[in-house]
Amino acid sequence: MPKYLVAASYTAEGIRGVLKEGGTSRRSAVEKLVESVGGKLKAYYFALGADDIYAIADFPDNVAVATVSMTVAASGAARVRTVVLLTPEDIDAAAKQAVSFRPPGA
C-alpha cells in the first residue's frame, strides 16, 4: 500500500480538544479514522513548530487519503497537508522510465 506523510496544525478548537482528551486519545481516534478507509497508521507524533502532528500511514489509494484529509479539514479542528512518500525502489523505477522532454531554451 502507498505510504503518506500527514502533517496537521490544530486550530484553537482542535487544541482545546487535545487538552481535554489527551494525546493518546487523539492517536486512537486518528487510527480508527485511517482504518475506516482501509488504511493502517504506522506512526503518530506530536511536534513543536509549524505543525502540531506528523503521522505516517498506509492507504489503499489517493481517494482514501483524500477522504481522510477532507474529513479532518471539514471538522474545523485542524489544517492538513498530505505528502505521498516514495521508496528508494520507487525512485529506481522512475529513473528507468523513458520520457520525452525538452528543457526550456534547449
Quiz item: Roughly how tilted is helix 62-75, in degrees to the nearest 10 and between 0 and 90, from the longest Cα axis of the chain?
Solution: 30 degrees
Quiz item: For region 35-52, what does the Karplus curve 6.51 cos²θ - 1.76 cosθ + 1.60, with θ = phi - 60°, yield as ³J(HN,Hα) per residue in whole Hz, taken in order and with x for Gly and Pro?
Solution: 5, 5, 10, x, x, 9, 6, 9, 8, 8, 10, 7, 9, 9, x, 5, 10, 8
Quiz prompt | Inter-label distance, nm, simple model (7 Å from Cα along the C-beta direction), residue 71/residue 97 | solution = 3.0 nm
Exercise. Lys and Arg at +1, Asp and Glu at -1: add these up for the other residues within a Cβ distance under 10 Å of residue 2 and post the number.
Key: -2
Quiz item: Given Cα pairs under 8 Å that are at least 6 residues apart, what percent is the relative contact order of the chain?
Solution: 40 percent
Quiz item: Where Lys and Arg each count +1 and Asp and Glu each count -1, what net charge lies around residue 31 among other residues with Cβ under 11 Å from its Cβ?
Solution: +4
Quiz item: Kirkwood hydrodynamic radius of region 1-44 from all distinct Cα pairs, in Å?
Solution: 11.5 Å
Quiz prompt | Per-residue ³J(HN,Hα) for region 93-106, Karplus 6.51 cos²θ - 1.76 cosθ + 1.60, θ = phi - 60°, Hz, x for Gly and Pro | solution = 5, 5, 5, 8, 6, 8, 9, 10, 8, 10, x, x, x, 8
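Hey, can you rank 21-32, 63-74, 95-106 by average C-beta count inside 10 Å, highest first? Walk me through the intermediate numbers first.
Values: 21-32: 13.7, 63-74: 15.3, 95-106: 5.2.
Per-residue mean Cβ counts within 10 Å order the peptides as 63-74, 21-32, 95-106.
If you average 1/r over every pair of different alpha-carbon atoms in region 3-95 and take one over that average, what Kirkwood value in Å do you get?
On the way: mean 1/r = 0.0727 Å⁻¹.
After inverting the mean inverse Cα-Cα distance, the result is 13.8 Å.
No lab work stands behind these numbers, since they all come straight from the coordinates. Only a predicted model underlies this, so the values are computations on that prediction, with no experimental measurement involved. Reconstructed Cβ throughout: ideal geometry from the backbone, glycine too, with neighbour counts over all protein chains shown.
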